[in-house]
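Down below is the structure, laid out as structure tokens.
Just so it is clear, none of the values below were taken in a lab; they were calculated from the coordinates. Since we're looking at a predicted model, the values are computed, not measured. Glycine gets a Cβ as well: all are built from the backbone with ideal geometry, and neighbour counts include every protein chain shown.
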Amino acid sequence: MTYRRDPLLVRVCLGIVRLCSAVVPSSWRPDWRTEWEAEVRHRWDSLETEQNWSTRMDLLRRSFGAFPDAAWLRRQFTADADAAHDLRHATRMLWKAPGFTLAAVFILALGIGGTVSIVTLLDTLMFRALPYDDAERIVTVWSRNAATPSVREDVAPADFLDWRERSKSFSAIAAAIPYSYDYTGGGDPEVLFGGQVTEGFFDALGMKPLIGRGFLPEEFVTGGRKAAVISHSLWQARFAGDAGILNRTISLDGEPWTIVGVLPREFAPQLLPRPGDQSVWTPKVIQDHERRTRGSAWWNVVARLAPGVTLQQAQGEMDTVSAAIARENPRTNKSKTGWLVPMREHLMGDVRLPLFMMLGAVVLVLGIGCANVASLLMARGMEREREFAIRAALGAGRARLVRQLVAESLLLSSIAAIAGIGLAYWALQAIVALAPSGLLRLHDAAIDGRMLAFAAVLTTLTATAFGLIPAFQFSNPARDVMRERQSSGPRTTLRRGLVVAEIALALVLLTGAGLLIRSFARLMAVDPGFSAANVVAVQVFAYDRTGTPERTRTFFNSTIDRMRAIPGVQYVGTVSAMPFAAANIDIKTPLDIVGRPAATAEEQQATYITVASPDYFRAMTIPLKEGRFLEARDTEHAPRVAVISDALQRREWPNESPIGRKIRIRWHGQPLELEIVGVVSQIRHDRLNAAARAEIFAPLAQMPFGSMTYVLRGSGEPSALIEAAKRAIWSIDPLQTVYDSASVEALVDASVVRERFSMTLMTAFALIALVLCASGIYGIISFTTAQRTREIGVRMALGADGASIQRLVLREGSVVIAVGLTLGLVGAIAAAQVLQNLLFEIRPGDPLTIGVVCAVLAVVGLSASFVPARRATRVDPLIALRNE
Amino acid sequence: MGRLNLTFPTALVLQALARGFHHGFDIMDATGLPSGTVYPILRRLDREGLLASRWEKQATAQREQRPPRRYYSLTSDGEGMLAEAVERYHVLDQAVPRASQRLKPSRA
């Protein structure tokens, strides 16, 4: 590229540039040289008028600057090329061992996917903003009974009214009262669920209607305008999202109501026992009798803390107010206090503990997975010793080799992360489907950017965890690869350490799962006190359509008669408080026993009063302990009688028969005297794991009641039976709506959904852990044994028989397993304490569970050692020795 | 690719580019920086997409009997970076002359 005859200085400068160009990566070299040559020549040309020593020296100095430039380019190139090379090499290595790659990706994807899905759930429940204004200041308020301090009980109307009047800690406090409306005029009569709310309900939640308005003060008084607010999904489903919905009139309970507002989609306070997505909300007009009602509690209260008031201060004031109410009303409120629970905690429900438990489980699975992949990598590392030795001999430094191994780990875990996130999407759907239906907010659970970032961090950590240990193990170029393999030394120790870790982690998980399974089995084995098979329940609220006691009696008598006529039906009864039903009206009564001194307020214990028709017990197959059931002869004209529950008998007459005794109760504010004619065995009412309640059953004929559940025992499909029952009701009153209906088996089943949820997930994780653990142990032990082929060959050549070799291998395996079990036991007992609150009738340290789990792991571990041990004895000593 | 370190020399190079110095040696003249500093900075700016480069027209190069020079100019990202640099280094404005003021070859 000579253009003309150059002066010496230019030739020197161009020589320097040419020399430096050798350093520049070849792909860039021509351009680089052109650039530098052009600059040097241009400078020389422009110096023509002004040549002196200093400008010449300056040109020379600048030419030397070509070297730093060239060196910089070379460094860049090398770094990029090394990274690219590492990646390419890693890809090739993984591609060449598809079995290993698939196994490792699968194992890691399980761990990463599981962790990401559980963390997403936790995030959704605990950290995602609630859809309410300044949501952290919203509290739910419950009644707490000193006898059962962990149960959030609904609030009695008069208690709520007193709280509202006396407390200063809230800027708004309001109640929602579960209510269902018979909706007619939109086709078939149907039930719309919702609530009546007191003034300020939407203010307490900090929620404004999406369109329209909330309620006006004049709508909370008798005779006020009938205004209703509907939920977003009701608006969409029933009114097709019609923008002109406001001021439309709909017929609820046979009266015209004006729709004044539509709630935003996010509105789901889950205060009511049966919230439903499609709901109607109306103003509560407080009735006079409610100002005195303290015995029955069915209101749900929500409040907003006043500015500057802390939760503790508000609770402190609530304690004072409750104490004052208790002094004024000792009979009903002696052991009751108001209990503030932050909204978020309320929404989270009881799932926080199971979810944290699940998080522990997935992290354990991930840990076992890492140990597994680490051992797989180590095994491969052994096979690749030669590769590393050669690369080290050719000048690759330790850092370079470690980088190569880390690249492989990162590539592996990145593939696993992608698979894991896919898995997490799927797992989230499965978990949400399995989850107790009350957890509406879970449906919002989605993997967002933050969760992806979390997955990325997790992946890097995982790669470091399983990649670095073997990397340092095998990248020491100083190690003499040709040296004889030994059965001891740091590598073997590390491998044994991995087995120990896997067994210990698996023991923790299996113990947790075992305890939950045993607890669930015990729960399912609880006798509910009735037979749920072939029974269906159909609930009606018949006050509005019956009115007088006489009409109520007639309505139920005639519907029961119609139901009896259904083919295949054996018994038909009806009851006011149906075991395991979602919405029951539980009525408590003070109880005095005739002939005993009247119980003081302090001595009063909760006693429930339930109205039932004669065949209720037979329909439910509730066994009679003593005396007789309620019968058809117990009419309104006959002497007042009652059947009591076993729990009440044991409380009041532990050592004698209560038959013929007289008791005094209160019914609709009136004292009534009943004679006990029978005792039925104990019935679980709400949950299988709750104590049976002290209950008095009175005949429907003598104490007519509108909110009843029909119970039908009969052959055939439950759904067909339910349909037939509904038709029977409608044949008497075509406008009577059915509130709820289900097979009793489904009701009982729904009560254990939470326990089943925990148990199913935990068992799934434990099984994954067991499989991983077994394959991991097998892999490591068989690999270790294979490494010792030569040693075993020598032993056999010297006369050792197969049995002694097997013993040798097995003994070593057992020591490792024993250490793992011991460590795991400590962890398992500690971790089981966390489960305590989830367990039913089983102690966290249950020896049987832990024993079985240890035995299972020991068997798995020993059989994993046995196969390699047998293989070892088949080694031909000659081959083994020639292996050198 | 990590974000570029906005050092003072880098700021000077950006300013020089913005003020109409488009070739390596001219930038050295404008900034007073040695070639071993200016070129790596140019390479880095190039890699980060803060500047674009093209070659001088072949005709010009042949007329002057030398290879074509490489012509650097700021991209819009580069101008953003310069704005940041001006913000950070208040003396930048005085540190680099404008290309319209004819320069003497530097003695740096």
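Expressed per residue, the C-alpha convex hull volume of chain A stands at 274 Å³. Measure nothing but the geometry: give the 0 to 90° angle between the long axis through the Cα atoms of A:66-96 and the longest principal axis through the Cα atoms of chain A, rounded to 10°. Once rounded, one gets 60 degrees. For A:MET708, nonlocal amide neighbours, meaning residues 5 or more places apart or on other chains whose placed amide H falls under 5 Å from its own, are A:VAL540, A:ALA542. Counting, for every residue in A:38-51, the Cβ atoms of other protein chains within 10 Å of its Cβ and taking the mean gives 4. Listed values for the range A:736-747 are Karplus-derived 3J(HN,Hα) couplings in whole Hz (6.51 cos²θ - 1.76 cosθ + 1.60, θ = phi - 60°), namely 6, 8, 9, 6, 7, 8, 6, 6, 5, 4, 5, 4, and x replaces Gly and Pro.
Ranked by the mean number of other Cβ atoms within 10 Å per residue, highest first, peptides A:456-468, A:495-507 order as A:495-507, A:456-468.
Averaging 1/r over every pair of different alpha carbons in the range A:115-229 and inverting the result gives a Kirkwood radius of 17.5 Å.
Mean partner shielding of peptide A:650-656, defined as the number of other chain Cβ atoms within 10 Å of each residue Cβ, is 0.
Please label the shape of the range A:500-623 as rounded, prolate or oblate, based on the square roots a ≥ b ≥ c of the eigenvalues of the alpha-carbon gyration tensor (a/c under 1.5 means rounded; beyond that, a/b larger than b/c means prolate, else oblate). Oblate. What the Cβ-Cβ distance of A:LEU735 and A:ARG843 gives, at R0 = 51 Å and to the nearest 0.05, is a FRET efficiency of 0.40.
Cross-link partners for B:LYS57 among the aspartates and glutamates, with Cα-Cα distance under 16 Å and sequence neighbours closer than 8 places in the same chain left out: A:ASP31, A:GLU35, A:GLU37, A:GLU39. Taking 13 Å as the straight-line reach from the Cα of A:LYS226, the aspartates and glutamates in range (excluding those fewer than 8 positions away in the same chain) are A:GLU218, A:ASP253, A:GLU255.
State to the nearest 20 debye the size of the charge dipole of the range A:647-805 about its Cα centre, where the only charges are +1 on K and R beta carbons and -1 on D and E beta carbons.
Values: 17 positive and 15 negative charges, 82 e Å.
Roughly 400 debye, rounded to the nearest 20.
Would you please classify the overall shape of the range A:286-418 from the alpha carbon gyration tensor, given that a ≥ b ≥ c denote the square roots of the eigenvalues, rounded means a/c under 1.5, and beyond that prolate means a/b larger than b/c while oblate covers the rest? Here the range A:286-418 falls in the prolate category. Subtracting the Cα-Cα distance of B:THR7 and B:TRP55 from their residue separation scaled by 0.36 nm leaves 14.6 nm. Rounded to the nearest Hz, the phi-derived 3J(HN,Hα) couplings of the range A:627-637 under the Karplus curve 6.51 cos²θ - 1.76 cosθ + 1.60 (θ = phi - 60°) are x, 9, 6, 5, 10, 4, 6, 7, 7, 5, 8, where x marks glycine and proline. In order along the range A:812-822, the Karplus-derived 3J(HN,Hα) couplings, from 6.51 cos²θ - 1.76 cosθ + 1.60 at θ = phi - 60°, round to 5, x, 5, 4, 4, 4, 4, 4, x, 5, 4 Hz, and Gly and Pro are given as x. If R0 equals 22 Å, the separation of the Cβ atoms of A:ASP45 and A:ARG11 corresponds to a calculated FRET efficiency of about 0.90. Over 31 Å apart at the Cα level, from the set A:LYS336/A:LYS662; A:LYS168/A:LYS284; A:LYS625/A:LYS726; A:LYS284/A:LYS334; A:LYS284/A:LYS336; A:LYS168/A:LYS336, are A:LYS625/A:LYS726.
Each of B:TRP55, B:PRO34, B:LEU74 was scored by the projection of its Cα onto the charge dipole of the range B:8-95, and the greatest displacement toward the positive side belongs to B:TRP55; charges sit on the C-beta of Lys, Arg, Asp and Glu. Estimated from the Cβ-Cβ distance and a Förster radius of 22 angstrom, the FRET efficiency linking A:ARG756 and A:GLN429 is about 0.80.
If each residue of separation counts as 0.36 nm, what is the full-extension length gain between A:GLN76 and A:SER657 once their alpha-carbon separation is subtracted?
Contour length minus the Cα-Cα distance gives 199.6 nm.
Summarising the amide proton neighbourhood of A:GLN682: residues at separation of 5 or more, or on other chains, whose placed amide H is nearer than 5 Å comprise A:ASP646.
Averaged over the residues of B:62-70, the number of partner chain Cβ atoms lying within 10 Å of the residue Cβ comes to 6.
In this Cβ point-charge picture (+1 for Lys and Arg, -1 for Asp and Glu), the range A:17-78 has a dipole of about 360 debye about its Cα centre. Sorting A:553-561, B:56-64, A:6-14, B:24-32 by average packing, meaning the other beta carbons within 10 Å per residue, from highest down gives B:24-32, A:553-561, A:6-14, B:56-64.
Sorted by average packing, counted as other Cβ atoms within 10 angstrom per residue and highest first, what order do A:821-832, A:237-248, A:108-119 take?
The peptides rank, most packed first, as A:108-119, A:821-832, A:237-248.
Along the axis of the charge dipole computed for chain A (Cβ charges of +1 for Lys and Arg, -1 for Asp and Glu, origin at the Cα centre), the listed residues A:SER707, A:TYR608, A:LEU458 are led at the positive end by A:LEU458. Extension gain, A:LYS625 to A:GLN836: 0.36 nm times the residue separation minus the Cα-Cα distance gives 72.5 nm. Placing unit charges on each Cβ (+1 for Lys and Arg, -1 for Asp and Glu) gives the range A:1-158 a dipole about its Cα centre, and among A:GLY114, A:THR140, A:TRP44 the Cα reaching farthest toward its positive end belongs to A:TRP44. How large is the dipole of chain A about the Cα centre if only Lys and Arg carry +1 and Asp and Glu carry -1, each at its Cβ, rounded to the nearest 20 debye? My answer is approximately 3180 debye.
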